[in-house]
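The values are calculated or read from the model by the stated rules, or taken from the named source; none is laboratory data. The shown structure was predicted, so the numbers you read here are calculated from the model rather than taken from an experiment. As a convention, Cβ positions derive from the backbone with ideal geometry for all residues, glycine included, and neighbour counts pool all protein chains shown. What goes into the accessible areas is simple: the full protein's heavy atoms, side chains included, and nothing from ligands, DNA or RNA. Shrake-Rupley method; radii C 1.70, N 1.55, O 1.52, S 1.80 Å.
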Amino acid sequence: MDFLKKMKETMTSVLPVMLIVLVLGFTAAPLSPQTIIRFIIGGLLLIVGLTIFLLGVEIGIQPIGEMSGAALTSRRSLPLLLGVAFIIGFLVTVAEPDIQVFGDQIHSAFHAVNKLHLIGMIAAGVGLFLMLALMRTMLNFSIKITLLVCYVLIFALTCFAPKEFIGIAFDSGGATTGPMTVPFILALGVGVSSVRAARCKDGSCQEENSFGFTGVTSVGPVMAVLIYGILLKSGGALEAAAVQSGGAADGGGLGIFIRLLPSVLEESLLSIAPLAVLLAVFQLLLLKMPPRQVIRMAFGLLWSFIGLTLFLVGVNGGFMQAGREVGVILGTKAAELGGGWSFLLIATGLCMGAIVVCAEPAVWVLTEQVESLSRGAIKRKLMLVFLSIGSAVAIGLAMLRVLYGFSLMRILVPGYAFAMILMLFCPNLFTALAFDSGGVASGPITSTFVLAFTLGASHACSGNSDAFGVIALVAMTPLIAIQILGILYDFRKKAINRRMELLEQWR
(Lines give C-alpha, C1' and ligand atoms only; values in the text may rest on other atoms or scores of the structure.)
Protein backbone atom coordinates (compact mmCIF):
# COMPACT_ATOMS: atom_id res chain seq x y z
CA MET A 1 0.00 0.00 0.00
CA ASP A 2 1.13 3.58 -0.70
CA PHE A 3 0.14 4.54 2.84
CA LEU A 4 2.49 2.01 4.43
CA LYS A 5 5.29 2.96 2.04
CA LYS A 6 4.95 6.65 2.80
CA MET A 7 4.63 5.94 6.52
CA LYS A 8 7.94 4.10 6.41
CA GLU A 9 9.56 7.02 4.56
CA THR A 10 8.30 9.64 7.01
CA MET A 11 9.33 7.55 10.02
CA THR A 12 12.82 7.21 8.53
CA SER A 13 12.97 11.01 8.24
CA VAL A 14 11.43 12.12 11.53
CA LEU A 15 12.62 9.50 14.04
CA PRO A 16 16.31 10.56 13.82
CA VAL A 17 15.26 14.15 14.69
CA MET A 18 13.39 12.85 17.71
CA LEU A 19 16.38 10.71 18.71
CA ILE A 20 18.75 13.72 18.72
CA VAL A 21 16.39 15.81 20.85
CA LEU A 22 15.71 12.96 23.28
CA VAL A 23 19.43 12.21 23.71
CA LEU A 24 20.11 15.90 24.40
CA GLY A 25 17.00 16.14 26.58
CA PHE A 26 18.26 13.38 28.88
CA THR A 27 21.94 14.49 28.88
CA ALA A 28 23.45 17.86 27.91
CA ALA A 29 20.20 19.85 27.69
CA PRO A 30 17.88 18.27 30.30
CA LEU A 31 14.19 18.76 29.51
CA SER A 32 11.26 18.34 31.87
CA PRO A 33 9.31 15.06 31.65
CA GLN A 34 6.26 17.00 30.47
CA THR A 35 8.21 18.61 27.60
CA ILE A 36 9.61 15.22 26.57
CA ILE A 37 6.17 13.59 26.59
CA ARG A 38 4.75 16.46 24.53
CA PHE A 39 7.66 16.15 22.13
CA ILE A 40 7.04 12.42 21.63
CA ILE A 41 3.29 12.92 21.08
CA GLY A 42 4.04 15.79 18.69
CA GLY A 43 6.47 13.59 16.77
CA LEU A 44 3.91 10.82 16.36
CA LEU A 45 1.31 13.31 15.15
CA LEU A 46 3.89 14.74 12.75
CA ILE A 47 4.65 11.30 11.26
CA VAL A 48 0.99 10.39 10.75
CA GLY A 49 0.11 13.87 9.50
CA LEU A 50 2.98 14.01 7.02
CA THR A 51 2.06 10.57 5.65
CA ILE A 52 -1.58 11.52 5.10
CA PHE A 53 -0.60 14.90 3.68
CA LEU A 54 1.71 13.37 1.07
CA LEU A 55 -1.02 10.95 0.00
CA GLY A 56 -3.41 13.86 -0.41
CA VAL A 57 -0.86 15.80 -2.46
CA GLU A 58 -0.42 12.82 -4.79
CA ILE A 59 -4.17 12.31 -5.25
CA GLY A 60 -5.45 15.88 -5.25
CA ILE A 61 -3.02 18.79 -5.37
CA GLN A 62 -0.55 17.60 -8.02
CA PRO A 63 -3.24 16.57 -10.56
CA ILE A 64 -5.01 19.93 -10.14
CA GLY A 65 -1.80 21.85 -10.82
CA GLU A 66 -0.68 19.69 -13.73
CA MET A 67 -4.05 19.64 -15.48
CA SER A 68 -4.65 23.36 -14.92
CA GLY A 69 -1.22 24.27 -16.27
CA ALA A 70 -1.71 22.07 -19.31
CA ALA A 71 -5.23 23.40 -19.96
CA LEU A 72 -4.18 27.06 -19.64
CA THR A 73 -1.15 26.55 -21.90
CA SER A 74 -3.21 24.74 -24.55
CA ARG A 75 -5.42 27.85 -24.85
CA ARG A 76 -2.36 29.57 -26.38
CA SER A 77 -3.18 32.84 -24.59
CA LEU A 78 -0.16 34.17 -22.74
CA PRO A 79 -2.08 37.01 -21.01
CA LEU A 80 -4.66 34.50 -19.70
CA LEU A 81 -1.93 32.16 -18.42
CA LEU A 82 -0.01 34.97 -16.71
CA GLY A 83 -3.09 36.59 -15.21
CA VAL A 84 -4.33 33.33 -13.70
CA ALA A 85 -0.78 32.56 -12.48
CA PHE A 86 -0.67 35.85 -10.56
CA ILE A 87 -4.02 35.14 -8.91
CA ILE A 88 -2.94 31.60 -8.00
CA GLY A 89 0.40 32.77 -6.59
CA PHE A 90 -1.20 35.56 -4.55
CA LEU A 91 -4.04 33.47 -3.08
CA VAL A 92 -1.99 30.41 -2.22
CA THR A 93 0.71 32.54 -0.56
CA VAL A 94 -1.76 34.49 1.56
CA ALA A 95 -3.18 31.16 2.73
CA GLU A 96 0.23 29.59 3.45
CA PRO A 97 0.47 28.80 7.21
CA ASP A 98 4.23 29.46 7.25
CA ILE A 99 3.64 33.04 6.10
CA GLN A 100 1.15 33.72 8.89
CA VAL A 101 3.67 32.52 11.48
CA PHE A 102 6.47 34.41 9.75
CA GLY A 103 4.46 37.65 9.78
CA ASP A 104 3.85 37.32 13.52
CA GLN A 105 7.56 36.74 14.19
CA ILE A 106 8.60 39.81 12.19
CA HIS A 107 5.98 42.02 13.84
CA SER A 108 7.21 40.90 17.28
CA ALA A 109 10.74 41.98 16.32
CA PHE A 110 9.80 45.19 14.48
CA HIS A 111 6.67 46.91 15.74
CA ALA A 112 6.60 49.25 12.73
CA VAL A 113 5.98 46.30 10.43
CA ASN A 114 2.31 45.89 9.59
CA LYS A 115 1.63 42.17 9.26
CA LEU A 116 -1.08 42.58 6.60
CA HIS A 117 1.09 44.93 4.52
CA LEU A 118 4.05 42.55 4.80
CA ILE A 119 2.02 39.51 3.75
CA GLY A 120 0.45 41.50 0.90
CA MET A 121 3.89 42.49 -0.40
CA ILE A 122 5.16 38.91 -0.15
CA ALA A 123 2.07 37.51 -1.91
CA ALA A 124 2.37 40.07 -4.69
CA GLY A 125 6.04 39.15 -5.09
CA VAL A 126 5.15 35.46 -5.41
CA GLY A 127 2.42 36.21 -7.95
CA LEU A 128 4.64 38.43 -10.10
CA PHE A 129 7.59 36.03 -10.13
CA LEU A 130 5.36 33.02 -10.79
CA MET A 131 4.30 34.96 -13.89
CA LEU A 132 7.99 35.45 -14.72
CA ALA A 133 8.70 31.74 -14.25
CA LEU A 134 5.87 30.77 -16.60
CA MET A 135 6.87 33.40 -19.16
CA ARG A 136 10.44 32.08 -19.10
CA THR A 137 9.19 28.58 -19.88
CA MET A 138 6.79 29.72 -22.61
CA LEU A 139 9.49 31.81 -24.30
CA ASN A 140 12.13 29.10 -23.67
CA PHE A 141 14.44 31.65 -22.03
CA SER A 142 17.59 30.52 -20.20
CA ILE A 143 17.00 29.60 -16.55
CA LYS A 144 20.58 30.56 -15.73
CA ILE A 145 20.34 34.09 -17.16
CA THR A 146 16.97 34.58 -15.45
CA LEU A 147 18.34 33.60 -12.04
CA LEU A 148 21.56 35.58 -12.50
CA VAL A 149 19.67 38.79 -13.32
CA CYS A 150 17.26 38.25 -10.40
CA TYR A 151 20.01 37.79 -7.82
CA VAL A 152 22.06 40.71 -9.14
CA LEU A 153 18.96 42.88 -8.56
CA ILE A 154 18.46 41.39 -5.08
CA PHE A 155 22.01 42.15 -3.95
CA ALA A 156 21.76 45.63 -5.45
CA LEU A 157 18.68 46.24 -3.28
CA THR A 158 20.52 45.04 -0.16
CA CYS A 159 22.79 48.08 -0.49
CA PHE A 160 19.81 50.33 0.30
CA ALA A 161 17.79 48.12 2.65
CA PRO A 162 18.13 48.26 6.47
CA LYS A 163 20.69 45.72 7.74
CA GLU A 164 18.06 44.23 10.05
CA PHE A 165 15.81 43.48 7.06
CA ILE A 166 18.35 41.59 4.93
CA GLY A 167 18.06 38.34 6.90
CA ILE A 168 14.28 38.72 7.10
CA ALA A 169 14.03 39.28 3.34
CA PHE A 170 16.04 36.16 2.48
CA ASP A 171 14.11 34.20 5.13
CA SER A 172 10.84 35.19 3.45
CA GLY A 173 11.91 33.44 0.24
CA GLY A 174 12.09 30.18 2.17
CA ALA A 175 9.02 30.79 4.31
CA THR A 176 6.77 31.17 1.25
CA THR A 177 7.70 27.74 -0.11
CA GLY A 178 5.56 25.76 2.32
CA PRO A 179 3.44 22.61 2.18
CA MET A 180 0.71 24.23 0.07
CA THR A 181 2.66 26.51 -2.26
CA VAL A 182 5.39 24.15 -3.45
CA PRO A 183 3.28 21.14 -4.55
CA PHE A 184 0.93 23.39 -6.52
CA ILE A 185 3.69 25.45 -8.18
CA LEU A 186 5.66 22.31 -9.07
CA ALA A 187 2.59 20.63 -10.52
CA LEU A 188 1.62 23.78 -12.44
CA GLY A 189 5.11 23.83 -13.94
CA VAL A 190 4.90 20.19 -14.99
CA GLY A 191 1.54 20.84 -16.66
CA VAL A 192 2.82 23.84 -18.62
CA SER A 193 6.01 22.00 -19.59
CA SER A 194 4.10 18.95 -20.81
CA VAL A 195 2.34 21.09 -23.41
CA ARG A 196 5.56 22.89 -24.31
CA ALA A 197 7.30 19.51 -24.76
CA ALA A 198 4.96 18.63 -27.61
CA ARG A 199 6.47 21.53 -29.58
CA CYS A 200 10.10 20.66 -28.77
CA LYS A 201 12.22 18.51 -31.03
CA ASP A 202 14.38 17.36 -28.12
CA GLY A 203 12.73 14.95 -25.71
CA SER A 204 14.58 16.50 -22.77
CA CYS A 205 12.62 19.75 -23.14
CA GLN A 206 9.95 18.80 -20.64
CA GLU A 207 12.47 17.44 -18.16
CA GLU A 208 14.43 20.71 -18.13
CA ASN A 209 11.46 23.10 -18.18
CA SER A 210 9.52 21.24 -15.47
CA PHE A 211 11.82 22.65 -12.79
CA GLY A 212 12.99 26.11 -11.82
CA PHE A 213 9.49 27.43 -11.08
CA THR A 214 9.94 27.41 -7.31
CA GLY A 215 13.46 28.81 -7.59
CA VAL A 216 12.37 31.79 -9.69
CA THR A 217 9.16 32.32 -7.70
CA SER A 218 11.00 32.43 -4.36
CA VAL A 219 12.97 35.46 -5.60
CA GLY A 220 9.78 37.57 -5.50
CA PRO A 221 9.28 37.62 -1.71
CA VAL A 222 12.95 38.52 -1.13
CA MET A 223 12.68 41.56 -3.42
CA ALA A 224 9.30 42.52 -1.99
CA VAL A 225 10.52 42.50 1.63
CA LEU A 226 13.70 44.41 0.73
CA ILE A 227 11.59 47.09 -0.97
CA TYR A 228 9.23 47.15 2.04
CA GLY A 229 12.23 47.61 4.36
CA ILE A 230 13.57 50.45 2.19
CA LEU A 231 10.18 52.19 2.36
CA LEU A 232 10.06 51.83 6.15
CA LYS A 233 13.61 53.11 6.45
CA SER A 234 12.92 56.14 4.26
CA GLY A 235 9.86 56.94 6.39
CA GLY A 236 11.92 56.67 9.59
CA ALA A 237 9.46 54.15 11.03
CA LEU A 238 11.80 51.20 11.48
CA GLU A 239 12.38 50.31 15.10
CA ALA A 240 13.51 46.96 16.43
CA ALA A 241 11.97 45.36 19.44
CA ALA A 242 13.50 42.72 21.65
CA VAL A 243 13.02 39.28 20.17
CA GLN A 244 11.63 37.00 22.79
CA SER A 245 13.02 33.56 23.21
CA GLY A 246 9.53 32.33 23.68
CA GLY A 247 8.50 30.46 26.72
CA ALA A 248 5.62 28.09 26.92
CA ALA A 249 2.75 30.34 26.11
CA ASP A 250 0.26 27.57 26.53
CA GLY A 251 0.61 27.20 30.29
CA GLY A 252 1.89 23.61 30.05
CA GLY A 253 0.12 20.30 29.98
CA LEU A 254 -0.86 17.85 27.29
CA GLY A 255 -4.03 19.83 26.76
CA ILE A 256 -2.03 22.09 24.44
CA PHE A 257 -2.78 19.68 21.59
CA ILE A 258 -6.53 20.14 22.12
CA ARG A 259 -6.22 23.90 22.60
CA LEU A 260 -4.20 24.22 19.39
CA LEU A 261 -6.75 22.31 17.32
CA PRO A 262 -9.23 25.18 16.58
CA SER A 263 -6.55 27.61 15.36
CA VAL A 264 -4.72 24.91 13.39
CA LEU A 265 -7.98 23.76 11.80
CA GLU A 266 -8.56 27.33 10.70
CA GLU A 267 -5.03 27.60 9.26
CA SER A 268 -5.39 24.29 7.42
CA LEU A 269 -8.78 25.28 6.07
CA LEU A 270 -7.38 28.61 4.83
CA SER A 271 -4.59 26.68 3.12
CA ILE A 272 -6.84 24.17 1.36
CA ALA A 273 -9.82 26.45 0.58
CA PRO A 274 -8.12 28.44 -2.24
CA LEU A 275 -7.15 25.19 -3.95
CA ALA A 276 -10.70 23.86 -3.61
CA VAL A 277 -12.06 27.08 -5.13
CA LEU A 278 -9.51 26.90 -7.94
CA LEU A 279 -10.50 23.28 -8.63
CA ALA A 280 -14.16 24.27 -8.85
CA VAL A 281 -13.46 27.26 -11.13
CA PHE A 282 -11.06 25.35 -13.38
CA GLN A 283 -13.48 22.43 -13.59
CA LEU A 284 -16.29 24.70 -14.76
CA LEU A 285 -14.23 26.81 -17.18
CA LEU A 286 -11.27 24.69 -18.31
CA LEU A 287 -10.93 21.08 -17.28
CA LYS A 288 -14.41 19.54 -17.71
CA MET A 289 -13.30 16.33 -15.97
CA PRO A 290 -15.68 13.40 -15.38
CA PRO A 291 -17.37 13.43 -11.94
CA ARG A 292 -15.39 10.40 -10.76
CA GLN A 293 -12.09 12.21 -11.27
CA VAL A 294 -13.37 15.35 -9.54
CA ILE A 295 -14.46 13.30 -6.52
CA ARG A 296 -11.04 11.65 -6.37
CA MET A 297 -9.30 15.04 -6.37
CA ALA A 298 -11.73 16.33 -3.73
CA PHE A 299 -10.83 13.39 -1.51
CA GLY A 300 -7.15 14.22 -2.12
CA LEU A 301 -7.76 17.76 -0.84
CA LEU A 302 -9.59 16.33 2.18
CA TRP A 303 -6.66 14.04 2.99
CA SER A 304 -4.27 16.97 2.58
CA PHE A 305 -6.40 19.00 5.01
CA ILE A 306 -6.41 16.23 7.63
CA GLY A 307 -2.70 15.53 7.23
CA LEU A 308 -1.72 19.20 7.38
CA THR A 309 -3.82 19.67 10.53
CA LEU A 310 -2.15 16.76 12.32
CA PHE A 311 1.26 17.89 11.08
CA LEU A 312 0.86 21.46 12.38
CA VAL A 313 -0.61 20.34 15.71
CA GLY A 314 2.38 18.04 16.20
CA VAL A 315 4.94 20.69 15.24
CA ASN A 316 3.41 23.51 17.30
CA GLY A 317 2.34 21.36 20.23
CA GLY A 318 5.55 19.39 20.74
CA PHE A 319 8.41 19.96 18.34
CA MET A 320 8.75 23.74 18.49
CA GLN A 321 8.77 24.02 22.29
CA ALA A 322 11.38 21.27 22.69
CA GLY A 323 13.59 22.86 20.05
CA ARG A 324 13.39 26.26 21.75
CA GLU A 325 14.25 24.86 25.19
CA VAL A 326 17.20 22.83 23.89
CA GLY A 327 18.48 25.96 22.12
CA VAL A 328 18.20 28.08 25.27
CA ILE A 329 20.01 25.51 27.44
CA LEU A 330 22.86 24.87 24.98
CA GLY A 331 23.16 28.58 24.13
CA THR A 332 23.36 29.55 27.81
CA LYS A 333 26.08 26.99 28.54
CA ALA A 334 28.01 27.97 25.39
CA ALA A 335 27.85 31.67 26.36
CA GLU A 336 28.88 31.07 29.98
CA LEU A 337 31.37 28.22 29.64
CA GLY A 338 32.45 28.27 25.98
CA GLY A 339 34.88 25.59 24.80
CA GLY A 340 33.24 22.22 24.48
CA TRP A 341 29.74 23.66 24.91
CA SER A 342 30.24 25.96 21.90
CA PHE A 343 31.40 22.94 19.91
CA LEU A 344 28.35 20.97 21.08
CA LEU A 345 26.01 23.79 19.96
CA ILE A 346 27.60 23.81 16.49
CA ALA A 347 27.62 20.01 16.28
CA THR A 348 23.94 19.91 17.26
CA GLY A 349 23.18 22.38 14.48
CA LEU A 350 25.07 20.22 11.97
CA CYS A 351 23.19 17.06 13.02
CA MET A 352 19.81 18.79 13.00
CA GLY A 353 20.45 20.28 9.58
CA ALA A 354 21.39 16.92 8.11
CA ILE A 355 18.21 15.30 9.38
CA VAL A 356 15.50 17.98 9.55
CA VAL A 357 15.57 18.72 5.80
CA CYS A 358 14.45 15.13 5.13
CA ALA A 359 11.33 15.69 7.24
CA GLU A 360 10.14 18.64 5.13
CA PRO A 361 6.94 17.74 3.23
CA ALA A 362 7.87 19.71 0.11
CA VAL A 363 11.27 17.99 -0.11
CA TRP A 364 9.52 14.64 -0.53
CA VAL A 365 7.20 16.11 -3.18
CA LEU A 366 10.12 17.55 -5.17
CA THR A 367 12.37 14.48 -4.97
CA GLU A 368 9.49 12.18 -5.98
CA GLN A 369 8.77 14.37 -8.99
CA VAL A 370 12.46 14.51 -9.97
CA GLU A 371 12.82 10.73 -9.84
CA SER A 372 9.58 10.27 -11.79
CA LEU A 373 10.31 12.79 -14.58
CA SER A 374 13.92 11.61 -14.95
CA ARG A 375 12.64 8.00 -15.20
CA GLY A 376 14.79 6.97 -12.27
CA ALA A 377 18.02 8.45 -13.67
CA ILE A 378 18.20 10.94 -10.77
CA LYS A 379 17.67 8.95 -7.59
CA ARG A 380 15.66 10.48 -4.76
CA LYS A 381 18.05 9.11 -2.11
CA LEU A 382 21.04 10.76 -3.81
CA MET A 383 19.29 14.13 -3.86
CA LEU A 384 18.36 13.74 -0.18
CA VAL A 385 22.00 13.05 0.71
CA PHE A 386 23.19 16.24 -0.99
CA LEU A 387 20.32 18.28 0.46
CA SER A 388 21.17 16.96 3.93
CA ILE A 389 24.82 17.97 3.54
CA GLY A 390 23.82 21.46 2.41
CA SER A 391 21.31 21.92 5.23
CA ALA A 392 23.83 20.67 7.81
CA VAL A 393 26.39 23.25 6.69
CA ALA A 394 23.70 25.97 6.76
CA ILE A 395 22.58 25.40 10.34
CA GLY A 396 26.19 24.89 11.47
CA LEU A 397 26.98 28.34 10.03
CA ALA A 398 23.89 29.75 11.75
CA MET A 399 25.19 28.47 15.10
CA LEU A 400 28.58 30.08 14.43
CA ARG A 401 26.79 33.34 13.72
CA VAL A 402 24.79 33.02 16.96
CA LEU A 403 28.03 32.55 18.91
CA TYR A 404 30.12 35.24 17.23
CA GLY A 405 27.52 37.67 15.84
CA PHE A 406 29.09 38.35 12.43
CA SER A 407 27.12 39.82 9.53
CA LEU A 408 24.85 37.53 7.51
CA MET A 409 26.18 39.12 4.31
CA ARG A 410 29.61 37.60 4.99
CA ILE A 411 28.01 34.24 4.23
CA LEU A 412 25.34 35.14 1.68
CA VAL A 413 27.55 37.14 -0.71
CA PRO A 414 30.30 34.51 -1.20
CA GLY A 415 27.72 31.70 -1.05
CA TYR A 416 25.55 33.07 -3.83
CA ALA A 417 28.62 34.15 -5.83
CA PHE A 418 29.90 30.55 -5.69
CA ALA A 419 26.45 29.27 -6.72
CA MET A 420 26.49 31.61 -9.73
CA ILE A 421 29.97 30.41 -10.74
CA LEU A 422 28.81 26.78 -10.53
CA MET A 423 26.03 27.62 -13.03
CA LEU A 424 28.73 27.97 -15.71
CA PHE A 425 29.61 24.26 -15.39
CA CYS A 426 26.32 22.72 -14.26
CA PRO A 427 23.65 21.27 -16.62
CA ASN A 428 20.53 23.44 -16.92
CA LEU A 429 18.33 20.78 -15.33
CA PHE A 430 20.41 20.64 -12.15
CA THR A 431 20.62 24.42 -11.90
CA ALA A 432 16.83 24.57 -11.97
CA LEU A 433 16.65 21.71 -9.43
CA ALA A 434 19.16 23.44 -7.17
CA PHE A 435 17.19 26.68 -6.94
CA ASP A 436 13.96 24.72 -6.46
CA SER A 437 15.63 22.72 -3.70
CA GLY A 438 16.71 25.89 -1.93
CA GLY A 439 13.06 26.83 -1.54
CA VAL A 440 11.68 23.45 -0.52
CA ALA A 441 14.45 22.72 2.00
CA SER A 442 13.32 25.66 4.14
CA GLY A 443 9.77 24.52 4.89
CA PRO A 444 7.54 24.31 7.97
CA ILE A 445 9.89 22.26 10.17
CA THR A 446 12.78 24.63 9.49
CA SER A 447 10.48 27.63 10.01
CA THR A 448 9.27 26.24 13.34
CA PHE A 449 11.62 23.72 14.99
CA VAL A 450 14.97 24.97 13.65
CA LEU A 451 14.06 28.67 13.91
CA ALA A 452 12.80 28.10 17.48
CA PHE A 453 16.07 26.30 18.35
CA THR A 454 18.11 29.15 16.84
CA LEU A 455 15.98 31.84 18.53
CA GLY A 456 16.49 30.12 21.87
CA ALA A 457 20.27 29.86 21.39
CA SER A 458 20.47 33.43 20.06
CA HIS A 459 18.53 34.86 23.01
CA ALA A 460 20.74 32.96 25.46
CA CYS A 461 23.88 34.33 23.75
CA SER A 462 22.42 37.90 23.78
CA GLY A 463 22.11 38.07 20.01
CA ASN A 464 18.53 39.17 19.66
CA SER A 465 18.25 39.20 15.87
CA ASP A 466 20.95 36.68 14.92
CA ALA A 467 18.32 33.97 14.50
CA PHE A 468 16.85 35.78 11.48
CA GLY A 469 18.76 34.47 8.49
CA VAL A 470 18.84 30.78 9.44
CA ILE A 471 16.08 30.04 6.88
CA ALA A 472 18.05 32.07 4.32
CA LEU A 473 21.14 29.92 4.93
CA VAL A 474 19.12 26.69 4.63
CA ALA A 475 17.73 28.01 1.34
CA MET A 476 21.20 28.97 0.03
CA THR A 477 23.32 25.85 0.62
CA PRO A 478 21.27 23.49 -1.63
CA LEU A 479 22.07 25.85 -4.54
CA ILE A 480 25.69 24.79 -4.14
CA ALA A 481 25.16 21.15 -3.10
CA ILE A 482 22.74 20.18 -5.90
CA GLN A 483 24.77 21.94 -8.58
CA ILE A 484 27.86 20.02 -7.43
CA LEU A 485 25.73 16.87 -7.74
CA GLY A 486 24.78 17.98 -11.26
CA ILE A 487 28.41 18.52 -12.28
CA LEU A 488 29.37 15.09 -10.94
CA TYR A 489 26.34 13.50 -12.65
CA ASP A 490 27.23 15.15 -15.97
CA PHE A 491 30.89 14.07 -15.64
CA ARG A 492 29.84 10.47 -14.97
CA LYS A 493 27.36 10.50 -17.85
CA LYS A 494 30.02 11.77 -20.29
CA ALA A 495 32.51 9.17 -19.04
CA ILE A 496 29.99 6.37 -19.66
CA ASN A 497 29.27 7.72 -23.15
CA ARG A 498 32.99 7.79 -23.95
CA ARG A 499 33.35 4.18 -22.82
CA MET A 500 30.42 3.17 -25.00
CA GLU A 501 31.98 4.92 -27.99
CA LEU A 502 35.31 3.16 -27.39
CA LEU A 503 33.57 -0.22 -27.10
CA GLU A 504 31.77 0.37 -30.40
CA GLN A 505 35.07 1.31 -32.09
CA TRP A 506 36.77 -1.85 -30.83
CA ARG A 507 33.94 -3.96 -32.19
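Every residue in segment 281-297 that is open to solvent by 50 Å² or more (accessible area, probe 1.4 Å) and either in contact with a helix residue (DSSP H, G or I) (Cβ under 8 Å, 6 or more places away or on another chain) or part of a helix (DSSP H, G or I) (or both), please.
281, 284, 285, 291, 292, 293, 295, 296
Are any of the residues in segment 143-153 open to solvent by 30 Å² or more (accessible area, probe 1.4 Å), under 30 Å from residue 193 (Cα atoms) and aromatic (Phe, Trp, Tyr)?
no
Results for (1) among the small types (Gly, Ala, Ser); (2) closer than 21 Å to residue 435 by Cα, shown as yes or no for each residue.
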{"residue": "89", "(1), (2)": "yes, yes"}
{"residue": "95", "(1), (2)": "yes, no"}
{"residue": "101", "(1), (2)": "no, no"}
{"residue": "106", "(1), (2)": "no, no"}
{"residue": "121", "(1), (2)": "no, no"}
{"residue": "125", "(1), (2)": "yes, yes"}
{"residue": "133", "(1), (2)": "yes, yes"}
{"residue": "145", "(1), (2)": "no, yes"}
{"residue": "150", "(1), (2)": "no, yes"}
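Take the residues in segment 350-373 that are open to solvent by less than 10 Å² (accessible area, probe 1.4 Å) and farther than 17 Å from residue 55 by Cβ, then tell me which one is nearest to the chain's Cα centre (by Cα).
357
Can you name the residue in segment 81-118 that is part of a helix (DSSP H, G or I) and among the acidic types (Asp, Glu) and is also most open to solvent (accessible area, probe 1.4 Å) among such residues?
So the residue we want is 104.
Looking at this structure, is residue 14 in a helix (DSSP H, G or I) and crowded, with 20+ Cβ neighbours inside 10 Å?
Here the answer is yes, as residue 14 does meet what is asked.
Out of 418, 319, report the one residue that is closer than 30 Å to residue 30 by Cα, in a helix (DSSP H, G or I) and among the aromatic types (Phe, Trp, Tyr).
Checking each option against the conditions leaves just 319.
What number of residues in segment 255-280 are surrounded by fewer than 19 Cβ atoms within 10 Å (Cβ to Cβ) and more than 19 Å from residue 45 (Cα to Cα)?
Of the residues in segment 255-280, 5 are surrounded by fewer than 19 Cβ atoms within 10 Å (Cβ to Cβ) and more than 19 Å from residue 45 (Cα to Cα).
Just the residues that are in contact (Cβ under 8 Å) with a residue 24 or more places away in the chain and open to solvent by less than 30 Å² (accessible area, probe 1.4 Å), please, taken from segment 374-390.
374, 378, 383, 384, 387, 388, 390
Suppose we filter 413, 402, 393 for residues that are out of contact with any His (no Cβ under 9 Å at 6 or more places or on another chain), at pLDDT 85 or above and surrounded by fewer than 16 Cβ atoms within 10 Å (Cβ to Cβ); which single one remains?
It is 413.
Take residue 163 and decide whether it is modelled with pLDDT of 75 or more, surrounded by fewer than 20 Cβ atoms within 10 Å (Cβ to Cβ) and not hydrophobic (A, V, I, L, M, F, W, C).
In short, yes.
Return the only residue of 101, 48, 84 being closer than 30 Å to residue 341 by Cβ and not hydroxyl-bearing (Ser, Thr, Tyr).
Residue meeting the stated conditions: 101.
If I filter segment 24-44 down to residues being open to solvent by 80 Å² or more (accessible area, probe 1.4 Å) and β-branched (Val, Ile, Thr), which single residue comes out as farthest from the chain's Cα centre (by Cα)?
Within segment 24-44, the match that is farthest from the chain's Cα centre (by Cα) is 27.
Name every residue in segment 119-142 that is open to solvent by 30 Å² or more (accessible area, probe 1.4 Å) and among the polar types (S, T, N, Q), in order of residue number.
140, 142
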